[in-house]
């Protein structure tokens, strides 16, 4: 019996020495590089948005970085920011990546861009049906709900006109834009179809009908914008994007975060 105890004590002593001197059982896996992702807080579905119910960020971006190819190589930390600050954060090396279009940037010649992840197609929305394509010049002095800090290339010249142009009504989020449109505080709202589907079919707009213009106002490719020096990250992202898109994961993610709804969006009474 004493021999068994002695052997056990010896084994325990050897194990302690092993752990202290030679990390026999310690994992030799190195921590994954951290990617600091700047967000236009609170974000917008389906791209990237904060979900109060889950208490974290969700969306296509999260699903992409959670894919096997990306998750095995990088850890992502999401930083609350704004469109106006995102470029500055990258220039100061305080963030690494954000989602945008080249056309929306002030310093596009400085950054590195991934391949396109998806098309951002913007439409005009109204609470009354369109009788034809939306033509800015034929809607003088119409008020348009917009997102603060966003650039709308096709409409900029009309916003800048002092007479018979378009009146820009800034909001902090697409949800607020939809609310303002529903309450008649603007004649039109401009946003991507995904944003509109995510917001305008909410139960809070049960008594409001929303219509989408028959024509796309502008279409730009969304890309991951990276600070200089992250060529390896770009290569990894581009390779992962091919699989994410071709496997159908991108489309599934869009549908999950946008929902299956299609315009026109009718009132609840009209759909019963």
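What do you reckon, is residue 232 in a helix (DSSP H, G or I) and surrounded by fewer than 18 Cβ atoms within 10 Å (Cβ to Cβ)?
Working: in a helix (DSSP H, G or I): yes; surrounded by fewer than 18 Cβ atoms within 10 Å (Cβ to Cβ): yes.
Answer is yes for this residue.
So that you can scan it fast, the table gives a plain yes or no per residue for (1) buried (at least 19 other Cβ atoms within 10 Å of the Cβ); (2) over 30 Å from residue 240 (Cβ atoms); (3) modelled with pLDDT under 95:
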{"residue": "109", "(1), (2), (3)": "no, no, yes"}
{"residue": "113", "(1), (2), (3)": "no, no, no"}
{"residue": "125", "(1), (2), (3)": "yes, yes, no"}
{"residue": "146", "(1), (2), (3)": "yes, yes, no"}
{"residue": "154", "(1), (2), (3)": "no, yes, yes"}
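Give me the helices (runs of 4 or more DSSP H) completely within the range 105-208, filtered to those with at least 2 residues that are on the phi < 0 side of the Ramachandran plot, under 25 Å from the mean Cα position of the chain (by Cα) and not assigned by TED's automatic domain parsing to the domain that holds residue 248, ordered by residue number.
Values: elements: 156-160, 174-182, 193-200.
Output list reads 174-182, 193-200.
Quick check on the range 192-205. Is at least one of its residues at pLDDT 95 or above and within 24 Å of residue 98 (Cβ to Cβ)?
No, the range 192-205 contains no residue that is at pLDDT 95 or above and within 24 Å of residue 98 (Cβ to Cβ).
So the check is Cβ under 8 Å with 6+ separation or different chains; which pairs have a first residue in the range 75-90 that's in the same structural domain as residue 56 (by TED's automatic domain parsing) and more than 17 Å from residue 229 (Cα to Cα) and a second one that's in a helix (DSSP H, G or I) and modelled with pLDDT under 95?
Here the result reads 83/104, each pair linking the range 75-90 to a residue that is in a helix (DSSP H, G or I) and modelled with pLDDT under 95.
Suppose the filter is surrounded by fewer than 19 Cβ atoms within 10 Å (Cβ to Cβ) and modelled with pLDDT of 95 or more; does residue 167 pass it? Can you show your working first?
Details: surrounded by fewer than 19 Cβ atoms within 10 Å (Cβ to Cβ): yes; modelled with pLDDT of 95 or more: yes.
Here the answer is yes, as residue 167 does meet what is asked.
Just to check your reading of the model, which residue among 76, 61 is surrounded by 14 or more Cβ atoms within 10 Å (Cβ to Cβ) and more than 12 Å from the chain's Cα centre (by Cα)? Let's see the steps before the verdict.
Values: 61 fails: more than 12 Å from the chain's Cα centre (by Cα).
The match here is 76.
Would you be able to say whether some residue in the range 248-262 is at pLDDT 95 or above and either exposed (fewer than 13 other Cβ atoms within 10 Å of the Cβ) or assigned to a loop (DSSP other than H, G, I, E, B) (or both)?
Taking every residue of the range 248-262 in turn, at least one turns out to be at pLDDT 95 or above and either exposed (fewer than 13 other Cβ atoms within 10 Å of the Cβ) or assigned to a loop (DSSP other than H, G, I, E, B) (or both).
Across the range 61-87, what is the total count of residues that are in a helix (DSSP H, G or I) and in contact with a helix residue (DSSP H, G or I) (Cβ under 6 Å, 6 or more places away or on another chain)?
Narrowing the range 61-87 to residues in a helix (DSSP H, G or I): 61-65, 68-71, 83-87.
Retained after the next criterion (residues that are in contact with a helix residue (DSSP H, G or I) (Cβ under 6 Å, 6 or more places away or on another chain)): 63-64, 69-70.
Number of matching residues: 4.
Residue check: is residue 40 surrounded by fewer than 19 Cβ atoms within 10 Å (Cβ to Cβ) and either modelled with pLDDT of 90 or more or not assigned by TED's automatic domain parsing to the domain that holds residue 198 (or both)?
Against the criterion (surrounded by fewer than 19 Cβ atoms within 10 Å (Cβ to Cβ) and either modelled with pLDDT of 90 or more or not assigned by TED's automatic domain parsing to the domain that holds residue 198 (or both)), residue 40 does not qualify.
Would you check which residues across the range 88-101 are closer than 20 Å to residue 232 by Cα and either in contact with a helix residue (DSSP H, G or I) (Cβ under 9 Å, 6 or more places away or on another chain) or assigned to a helix (DSSP H, G or I) (or both) and list them?
Within the range 88-101, the subset closer than 20 Å to residue 232 by Cα is 89-100.
If the condition is that a residue be closer than 20 Å to residue 232 by Cα and either in contact with a helix residue (DSSP H, G or I) (Cβ under 9 Å, 6 or more places away or on another chain) or assigned to a helix (DSSP H, G or I) (or both), then 89, 90, 91, 94, 95, 96, 97, 98, 99, 100 are the ones that fit.
The values are calculated or read from the model by the stated rules, or taken from the named source; none is laboratory data. Owing to the predicted nature of the structure, the values given are computational and were not obtained by experimental measurement. Neighbour counts run over all protein chains shown; Cβ positions are idealised from the backbone, glycine included.
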